[in-house]
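Report on one structure; see the data block that follows.
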Amino acid sequence: MSEGETILVLGIGNLLWADEGFGIRAAEEFVRRYEPHERVTVLDGGTQGLYLLPYVQTASRLLVFDAIDYGLEPGTLKVVLDDEVPSFMGAKKMSLHQTGFQDVLAAAQLTGQAPRHLVLIGVQPVELSDFGGSLREPVRAQVGPAVDLAASLDLLRHTPLDAFFAAMAARLDGPRADGRRLTLNFVFPDAGETHVLELENAVLRHRRAEPDPDAAVTVRLTRELLLRLGAGQAGLRELVFGDELAVDGSRLELLRFLSLFDRPVGNFPIVTP
């Protein structure tokens, strides 16, 4: 955590309405597993709406747990980051208390006191309208993983890009990569960094440098997308064939490269040196 930075961990929902209680239970589990730092506030936000505004305004970073109707399989976890949080909430009805929380974010932005970073960790509910009901099992089973995901996202956000590529190199499957020779540029416009990866003799080397003009593939993506990849929230095919990154060269070649690792790239345990 940076000097002077404050974090608000917020569980929103309603324990009286089945899976609506997910956010609150996740916040409780967060406190149980991790002893919060003095600059980390964990709050049961319930359905308080605009009453949460003072807490949001004083936070540098906001992490929200909630039950979200993503239209996915029940029990599926999905992460929404930063600018996507309010825009996604504005585009689709998410839960019984959506309007209140959307208003909180809008009010914080209008006052110029919005958190710099937002993370929404949501689970696809099974049932929202059962008054007095408890969490359904597919949702209950995701409380722990949601808390683990919150911790990994926080670590990844503060991990240098070099550390990600170092972990990537350590996971290279040598026998499968044997005989392959490839140079790739990874350009991060938002971070102002370019990393050149060179695969040769079943060894992956990486360096921070200007783009190699002879590279077979140049990938342009954001650090936030890499964060989602590192946390396992973006799959390889989604990454390679989606619209969130630009690829100069063959996307199939990029996919072949990313498949040369002994576990999916999106599941690397990232650690700082």
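Could you please give the count of residues in the stretch 103-138 that are modelled with pLDDT of 85 or more and at positive phi?
Selection size over the stretch 103-138: 1.
Take the residues in the stretch 52-102 that are of a type in the set (S, T, N, Q) and modelled with pLDDT of 80 or more, then tell me which one is surrounded by the fewest Cβ atoms within 10 Å (Cβ to Cβ).
Across the stretch 52-102, the extreme among qualifying residues is Thr58.
Scan the stretch 11-34 residue by residue and report those that are within 14 Å of Gly144 (Cα to Cα), surrounded by fewer than 19 Cβ atoms within 10 Å (Cβ to Cβ) and touching a residue at least 60 places away in the same chain (Cβ under 8 Å).
Glu29, Arg33, Tyr34
Within the stretch 164-190, take every residue that is surrounded by fewer than 18 Cβ atoms within 10 Å (Cβ to Cβ) and closer than 30 Å to Val64 by Cβ and give me the one that is modelled with the highest pLDDT.
Within the stretch 164-190, the match that is modelled with the highest pLDDT is Pro189.
The values are calculated or read from the model by the stated rules, or taken from the named source; none is laboratory data. All values reported here derive from a predicted model rather than from experimental measurement. We place every Cβ from the backbone using ideal geometry, glycine too, and count neighbours over all the protein chains shown.
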